[in-house]
Amino acid sequence: RHRLKSTGVAVERTYGAHLPTVEAYPSELSQVWTNLIDNAVDAMPQGGRMELVTYCDDDQVTVEIRDDGAGIPGDALVRLFEPFFTTKGVGKGTGLGLYISNEIVTRRHGGSLSVESRPGSTTFRVTLPRKGPADAYPEAATSPLESPG
């Protein structure tokens, strides 16, 4: 919240009605939301616009984080989820945030993390199964997705 205020980023929230709960590790998903939102803030100009969107169908819940930043170059898009790859300057990023986020979403929750980008519009899409395979995370708590701050 502090970073959003200090950069003048406007946040629009478009949450689907009656979102179901998902079986998940809430603290791990909180890390995903933090990574994606921090990256969006870094990519936007002062006073940019971010949109947080949620929706669902019978089997899955989707969260989208959209920003109006410069976009991600095509050669970087194919490497975004590699460990230690970053588009940020030296000393600005470790290149682990998107890698860790992808691992949490795909391996720990059985979901998917994808990105679409062009100049002026980038969307990160996290799709989570409502109920994942029991052996993937047997001790997971059932928790509704919560808005990040």
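The values are calculated or read from the model by the stated rules, or taken from the named source; none is laboratory data. Since this is a predicted model, take the numbers as computed values, not measurements. Every residue, glycine as well, gets a Cβ built from its backbone with ideal geometry; the counts of neighbours run over all protein chains shown. Just the protein is used for accessible areas: all its heavy atoms, side chains included, with ligands, DNA and RNA removed. Shrake-Rupley method; radii C 1.70, N 1.55, O 1.52, S 1.80 Å.
I need the full set of residues from region 103-114 which are at negative phi and open to solvent by 30 Å² or more (accessible area, probe 1.4 Å), in order please.
Listed by number, the residues that qualify are Glu103, Thr106, Arg107, Arg108, Ser112, Ser114.
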> If you take the residues of region 76-101 that are open to solvent by 30 Å² or more (accessible area, probe 1.4 Å) and touching a Leu at 6+ places or on another chain (Cβ under 9 Å), which of them is nearest to Asn35 (Cα to Cα)?
Replying inline: Tyr99
>> Take the conditions surrounded by fewer than 18 Cβ atoms within 10 Å (Cβ to Cβ), closer than 21 Å to Arg13 by Cβ and in contact with a strand residue (DSSP E or B) (Cβ under 9 Å, 6 or more places away or on another chain) and apply them to Arg49. Does it pass?
In response: yes
> Which residue pairs have Cβ atoms under 9 Å apart, sit 6 or more places apart or on different chains, and have a first residue in region 49-60 that is under 24 Å from Gly71 (Cα atoms) and a second that is among the hydroxyl-bearing types (Ser, Thr, Tyr) and surrounded by 14 or more Cβ atoms within 10 Å (Cβ to Cβ)?
Replying inline: Glu51/Thr123; Val53/Thr62; Val53/Thr123; Thr54/Thr62; Tyr55/Thr62
>> Considering only residues that are under 17 Å from Arg125 (Cα atoms) and open to solvent by 40 Å² or more (accessible area, probe 1.4 Å), which ones fall in region 52-70?
In response: Tyr55, Cys56, Asp57, Asp59, Gln60, Arg66, Asp68
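Out of all the residues in region 91-100, is one or more under 21 Å from Leu19 (Cβ atoms) and at pLDDT 95 or above?
Step one: filter region 91-100 for residues under 21 Å from Leu19 (Cβ atoms), giving none.
No: region 91-100 contains no residue that is under 21 Å from Leu19 (Cβ atoms) and at pLDDT 95 or above.
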>> If Pro73 satisfies all but one of (1) farther than 13 Å from Thr122 by Cα; (2) touching a residue at least 12 places away in the same chain (Cβ under 8 Å); (3) open to solvent by 40 Å² or more (accessible area, probe 1.4 Å), what's the number of the condition it fails?
In response: (1)
